[in-house]
Amino acid sequence: MIYLSNINNFLEAKNIVLKKKILSLWEHYDFETIEGKKLGEADANLIQLPAKFNVHDQSGAEVFHIEGVLISLRPQYIIREPTGAELGTITKKLVKLIGTEFWVEKNGVEFMRIYGDFTEHEYNLVVDNVQVASVHRKWISIRDQLEISITGEVDHRVVLGAVTVIEHISFTERQNKASLSTTASKKAKKEKYSQKNK
């Protein structure tokens, strides 16, 4: 009964705060109520490729998990029930004139679109042209925090899984850009040094 109660509390919450914590080898997200009560958490090993997130409630019971797809032209992740059944597959897509969007499909049929300003962590989740959830960043906070508001009829696991994936992709893309910038800077310094010593 405690197990079911914890999962129900997690999946019935309409307003959830996601707190991000990035360690050297781990990516960690806490899910809390607006009042600060912990509902669950998501963890991923940054060394593992493709990334896999395990999402648990506060008692440690698995609520769902997320698996990255290794062979894919675009970033793609499958959200699954603890049994392994697919809840949805989220894919990052580039749309002409619009920019980046994320689509969620099941059995090859799209049922959700996610659009907005992903750089600023402000975006909406839409099903059948109706907004079912929204995400925005809490600016006054010590850690990176997002407020997730679920307003429509939708599986909360899909919403929470999609937000986790989007934030993971945003983090890894920033990390890759920073790495490329550092490599380019080192290369420029090396070339400058070589020219001086010719």
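The values are calculated or read from the model by the stated rules, or taken from the named source; none is laboratory data. A quick note: this is a predicted structure, and the numbers were derived from the prediction, not measured. Counting neighbours? That spans all protein chains shown, and the Cβs are built from the backbone with ideal geometry, glycine included.
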Picking from 122, 173, the residue that is under 25 Å from residue 22 (Cα atoms), among the acidic types (Asp, Glu) and at pLDDT 80 or above would be 122
When residue 106 is evaluated against the numbered criteria (1) surrounded by 15 or more Cβ atoms within 10 Å (Cβ to Cβ); (2) over 23 Å from residue 123 (Cα atoms); (3) more than 15 Å from the chain's Cα centre (by Cα), which criterion, by number, is the only one it fails? (2)
Could you please find all residues in region 51-69 being touching a residue at least 24 places away in the same chain (Cβ under 8 Å) and not in a strand (DSSP E or B)? 51, 58, 59, 61
Inside region 114-125, can you point out the residues that are in contact (Cβ under 8 Å) with a residue 12 or more places away in the chain, part of a strand (DSSP E or B) and surrounded by fewer than 17 Cβ atoms within 10 Å (Cβ to Cβ)? 115, 122
May I ask you to verify whether residue 94 is over 24 Å from residue 8 (Cα atoms) and in contact with a strand residue (DSSP E or B) (Cβ under 8 Å, 6 or more places away or on another chain)? yes
Select from region 135-148 the residues that are among the polar types (S, T, N, Q) and crowded, with 17+ Cβ neighbours inside 10 Å and list them in ascending order. 145
Across region 7-25, which residue is modelled with the lowest pLDDT among those that are closer than 14 Å to residue 164 by Cβ and assigned to a strand (DSSP E or B)? 22
Check whether at least one residue in region 71-90 is in contact with a Ser or Thr (Cβ under 7 Å, 6 or more places away or on another chain), over 22 Å from residue 30 (Cβ atoms), basic (Lys, Arg) and not in a loop (DSSP other than H, G, I, E, B), and report yes or no. no
